[in-house]
Amino acid sequence: MSKIDLSVNIGSLKLKNPVLLASGTVGYGNEISQLTDISKLGGIVTKSLSLKPRKGNPPQRIVETPSGMLNAIGLANVGVEVFIKEKIPFLKELNTTLICNIAASSIEEYVECVKILTSEETIQAFEINVSCPNVREGGLIFGNDLSSVGRITEQVRAATNKPIIIKLSPNVPKIADFAEIVKKEGGDAVSAINTLVGASFDIYTRKPKIKNVTGGLSGPAIKPVAIAKVLEIKRNVDIPIIGLGGIMNWKDAAEFMIVGASAIQVGTANFINPNAGNEIVDGLEEFCSQQKIIKLSEMIGSYQI
Ligand SMILES: Cc1cc2nc3c(=O)[nH]c(=O)nc-3n(C[C@H](O)[C@H](O)[C@H](O)COP(=O)(O)O)c2cc1C
C-alpha cells in the first residue's frame, strides 16, 4: 500500500495528500489535535481570521437539521495579532500544511490581514473567505458580486507571494463566472463550496431556531449541490479546485476528486468523528490500491459522462 503516491498540487502548493480540515470546524487545530493525528493530514485551514478579534453572533448559533446543520457563528475569532502570538507557535509544530483563512468587511481589511500574516513562515497559503453568509457586512455582499471578488483577488494577490485560494459561495447563479474572475486576477485556486443559506423555525414558539434567523447549511445535505458546483467549475475554467461540502468518508472524497477537485476539505464531519480526516486518507489509499492507481492525482477530473 505504501507505494501509492497520495500527493497533490494546488498550483505551487504541494500537499502530502489531498485531505484538509475545513475552516471553522477545527478552530486553530489545538483541540482536535488531542483527538486525531494532524500530521497525517494534507493540511488544516484555520477558522476565518479578521484584523481585530470578533465576538460573533449571539446564541443560539448552531442547530441540527436533517442530514446537516445550520450555523451562524458570525466569524468569532481571535484576530490576527493574537493568532500570531498565541496560535502560530502551536501550529508550527504540527507537521502539516497550514492554510490561513481570512475574512474581512472591506477590501482594505483583507489586504491588511494578508500583509501582516505573509511574513509568517508557518503559513503556506491563504484561503480568502468571500462567502460567509452569517455576517452583516462583507460576507455574501462580496461573495455574490463578481467585480468585488475580482478586486479582492487582485489586491490580495499584490500583497503576498504565497498561494491564494478564494473560497466561493454556492449562493450564486453561475459559480464558474466567479472561478473565471479569480483566475483572471491571479488567484491560484478556488475552494467550493461554502455553506448554503438556510433557516429553520420552531413551530411552537414560531421563532427561528437560530438567533440570526438564517444560517449556513452544511453536511451531507449539501453534497450533491457541492458536487454540481465543482463539476461546473471544472468544465468551464482551468483552475485548481478544492472541493468541500458534506464530505463524510473516503467515498465522498473520491467523488469530489473524480469530478475535478485536486484536494478536498472535511468540515461538519469533524463534529461527529474527529478522526474522519485520517480515515479518509486511509480509505483513499486503499481504494487506489484496489483500483491499481499508482498516483492518486490521476483521479482528478477523471469523470465519464
Ligand atoms: C460551525 C461552522 C463554522 C464555520 N466557519 C467558517 C469560517 O469561519 N470560515 C469559512 O470560510 N468557512 C466556515 N465554515 C464553512 C465550512 O468551512 C465549509 O465550507 C462548509 O461547512 C461545507 O463543508 P461541510 O459540509 O463539510 O461542513 C463553517 C462551517 C461550520 C459548520
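The values are calculated or read from the model by the stated rules, or taken from the named source; none is laboratory data. None of these values were measured; they are calculated from a predicted model. All Cβ positions, even for glycine, are placed from backbone atoms using ideal geometry, and neighbour counts span all protein chains on display.
Of these, 272, 280, 305, 294, which one is among the hydrophobic types (A, V, I, L, M, F, W, C) and buried (at least 23 other Cβ atoms within 10 Å of the Cβ)?
280
Restricting attention to the stretch 1-56, which residues are in contact with a Cys (Cβ under 6 Å, 6 or more places away or on another chain) and within 13 Å of the ligand (Cβ to nearest atom)?
46
All but one of (1) modelled with pLDDT under 95; (2) surrounded by fewer than 20 Cβ atoms within 10 Å (Cβ to Cβ); (3) not β-branched (Val, Ile, Thr) hold for residue 89; state the number of the condition that does not hold.
Failing condition for residue 89: (1).
Out of 240, 224, report the one residue that is in contact with a Ser or Thr (Cβ under 7 Å, 6 or more places away or on another chain) and either within 12 Å of the ligand (Cβ to nearest atom) or not small (Gly, Ala, Ser) (or both).
Sole residue among the options that is in contact with a Ser or Thr (Cβ under 7 Å, 6 or more places away or on another chain) and either within 12 Å of the ligand (Cβ to nearest atom) or not small (Gly, Ala, Ser) (or both): 240.
Among the residues of the stretch 179-202, write down those that are closer than 19 Å to residue 259 by Cβ and part of a helix (DSSP H, G or I).
Result: 179, 180, 182, 183.
Based on this model, can you work out whether residue 223 counts as out of contact with any Leu (no Cβ under 8 Å at 6 or more places or on another chain) and on the phi < 0 side of the Ramachandran plot?
When the stated conditions are applied, residue 223 passes them.
Pick from 13, 20: which is surrounded by 20 or more Cβ atoms within 10 Å (Cβ to Cβ) and closer than 16 Å to residue 244 by Cα?
Going through 13, 20 in turn, the sole match is 20.
Give me the residue from the stretch 104-131 that is assigned to a loop (DSSP other than H, G, I, E, B) and within 10 Å of residue 51 (Cβ to Cβ) and, out of that set, nearest to the ligand (Cβ to nearest atom).
104
Starting from the stretch 235-250, keep only residues that are under 28 Å from residue 185 (Cβ atoms), then list their pairs with residues that are within 13 Å of the ligand (Cβ to nearest atom) and among the polar types (S, T, N, Q) whose Cβ atoms are within a distance under 7 Å, requiring at least 6 positions of separation or different chains.
Correct list of pairs: 242/191; 242/265; 244/191; 244/265.
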